[in-house]
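First comes the structure, then the notes that go with it.
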Amino acid sequence: MKKLLLITAVIIFSDSLPGQQPVGSWTDHLNYNTAKSIAAGSDEIYVSTGSSVLVYNKEYSELKKLSPVSGLSETGISSIGWSDENNILVIAYKSTNLDLVLKNTVHNIPDIMNKYIPGNKRINRIRTLGKYAYLATGFGIVVVDVVKMEIYDTWKPGPGPDNNEVFDIAFGNNMFYAVTAFGTWYADQTNQGLAYFGNWTQIKSLPDPDSRCNHAVFSGGTLYVNVPEESSGDKVYAINDGTRLHSFYPEVTNSSFDLAPEGFTISSPGSLNYYRDNGSLRTTITSYGWGSPNISQGIVIKNDAWISDISIGLIYGKNMSVYSSFNIPGPSSNYVVNITSSDGKTIICGGGTDDSWNRLNRPLQVSISENSRFTNIVSETYGDAIRSLIDPGNSSHFFISSWGDGLFEYNNNTLIKHYDAANSPLRDGETPGSGVKICGLAMDGQKTSGSPRLMYRKVSKYLSLMEPGSFIPRK
């Protein structure tokens with residue numbers, strides 16, 4: 001029993017949000033315990049969770065959220081950016097829809113989404129300068145006038161007129177720099193014809209000028225470019241009068257380059273490196289003291305670190321030494337395959353199958369909402385929670401079925417028994433390694449406390465639990 005309790009982690013968050021919503025209004029219950037990108041305003045920190053935006057007010061230490069309920073056009077965020085000069089938050093969606101948020105008002109720009117563009121349309125990164133936001137996209141650079149709130153131009157850095165995916169943009173020496181699927185390109189900021197590819201020049205000093213480059217930052221008169229190499233790890237090159245290898249850590253993949261007060265940061269899943277303007281390493285963050293990083297992006301404001309962590313959420317590092325996390329209670333995942341409610345308890349299962357009923361191999365994710373609190377049951381050992389069944393006479397007692405890992409029985413959100421082929425008559429599927437696949441769950445009206453009669457479906461065969469540990473095939 002102790003082994004089972006250790007395998008399944010239970011995380012409980014108290015709900016600190018305001019009181020009940022007015023009758024007839026909507027509220028969202030999204031996963032705010034993950035963070036994928038971050039942007040810093042003058043008073044607030046904005047973090048994309050991938051489905052919504054978490055907003056932290058530094059002055060009042062308050063958390064709020066932006067989602068479709070509060071006016072955003074949709075979910076599925078690909079990138080966010082902040083315009084200091086105009087106090088505008090720019091939100092790009094995976095659909096290539098675009099929102100500009102100004103003083104709690106959302107202005108939608110659907111032009112890219114509505115325009116037919118062959119090939120890849122995704123928006124990879126947002127950079128801002130002056131009154132413009134520059135979107136690095138699958139077909140070039142889209143320039144957005146955030147003051148007029150309209151598309152201004154589309155640029156084509158690359159070797160020819162065909163679409164060349166741009167992953168990031170940097171500014172320096174009165175130049176625009178674009179890192180692309182075919183090398184790094186630059187152009188004079190005063191040039192008015194950047195929609196023409198011939199007005200862009202390729203940097204030839206990289207070891208392979210045509211190699212894919214995906215992150216860039218300009219600091220201290222030097223352009224730093226990331227060249228991903230899947231077999232060995234990412235290499236960062238410093239380009240000034242010449243080109244040199246700036247940093248390389250075997251098997252490390254970098255996720256973001258960002259300017260900092262005295263230099264720049266390079267984020268990778270396991271660390272945040274803070275470099276001075278001259279390229280020397282100032283600080284490295286590899287632990288929060290209470291948890292291990294899974295960093296998507298990290299920025300520095302004054303001497304404090306703000307980190308978007310995929311596994312934990314928004315992280316604040318005071319003086320880059322004392323770390324705390326901020327999030328809003330919610331489900332462990334935005335994946336939902338089934339919702340069950342009974343007697344004030346709601347259980348959300350985040351597993352599922354594909355169209356051919358093959359398992360998705362998602363970690364076991366079960367979210368329980370009760371008494372304005374969320375309890376999240378998460379396990380990396382088991383997976384694909386697909387249905388739940390709440391005991392009608394005792395809502396603290398419930399079952400979770402898994403597509404591949406059998407049946408789980410809980411009481412007071414604590415795992416009390418796991419049924420599989422090793423400890424019950426349940427049998428694995430016919431395909432080797434497929435495990436015990438259970439979908440529907442039902443409890444008959446004659447169940448008695450402590451000895452429930454449970455009916456469930458394993459693939460296409462129906463079985464009935466007559467007493468604990470005894471399963472009899474249903475004819």
Kindly indicate the residue of region 280-305 that is touching a residue at least 60 places away in the same chain (Cβ under 8 Å) and surrounded by 15 or more Cβ atoms within 10 Å (Cβ to Cβ) and also farthest from the chain's Cα centre (by Cα) among those meeting that condition.
-> 299
Result of the Cβ filter at 6 Å on region 314-338, keeping first residues that are surrounded by fewer than 20 Cβ atoms within 10 Å (Cβ to Cβ) and basic (Lys, Arg) and partners that are modelled with pLDDT of 85 or more and not in a loop (DSSP other than H, G, I, E, B), at least 6 apart or interchain, is 318/304
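Test of understanding: among 177, 134, 116, which residue is over 30 Å from residue 220 (Cβ atoms) and either in a strand (DSSP E or B) or among the aromatic types (Phe, Trp, Tyr) (or both)?
Working: 177 fails: over 30 Å from residue 220 (Cβ atoms); 134 fails: over 30 Å from residue 220 (Cβ atoms).
Only one candidate qualifies: 116.
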Please indicate, with yes or no, whether at least one residue in region 75-92 is in contact with a helix residue (DSSP H, G or I) (Cβ under 7 Å, 6 or more places away or on another chain), polar (S, T, N, Q) and more than 18 Å from residue 258 (Cα to Cα).
-> yes
Inspect region 201-208 for any residue being crowded, with 16+ Cβ neighbours inside 10 Å and within 32 Å of the chain's Cα centre (by Cα) and give the result as yes or no.
-> yes
For residue 177, are the conditions met, namely being surrounded by fewer than 21 Cβ atoms within 10 Å (Cβ to Cβ) and more than 26 Å from the chain's Cα centre (by Cα)?
-> no
Of the residues 172, 198, 160, which single one is surrounded by fewer than 20 Cβ atoms within 10 Å (Cβ to Cβ), in the same structural domain as residue 99 (by TED's automatic domain parsing) and in contact with a helix residue (DSSP H, G or I) (Cβ under 9 Å, 6 or more places away or on another chain)?
-> 160
Only residues in region 73-97 that are free of Cβ contacts under 8 Å to residues at least 40 places away in the same chain count as the first member; pair them with residues that are buried (at least 22 other Cβ atoms within 10 Å of the Cβ) and charged (D, E, K, R), Cβ under 7 angstrom, at least 6 apart or cross-chain, and list the lot.
-> 73/99
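So that you can scan it fast, the table gives a plain yes or no per residue for (1) assigned to a strand (DSSP E or B); (2) touching a residue at least 40 places away in the same chain (Cβ under 8 Å); (3) not assigned by TED's automatic domain parsing to the domain that holds residue 429:
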residue	(1), (2), (3)
356	no, no, no
364	yes, yes, no
368	yes, yes, no
374	yes, yes, no
377	yes, yes, no
382	yes, yes, no
387	yes, yes, no
392	no, yes, no
399	yes, yes, no
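The values are calculated or read from the model by the stated rules, or taken from the named source; none is laboratory data. Keep in mind it's a predicted model, so treat the numbers as computed, not measured. Every residue, glycine as well, gets a Cβ built from its backbone with ideal geometry; the counts of neighbours run over all protein chains shown.
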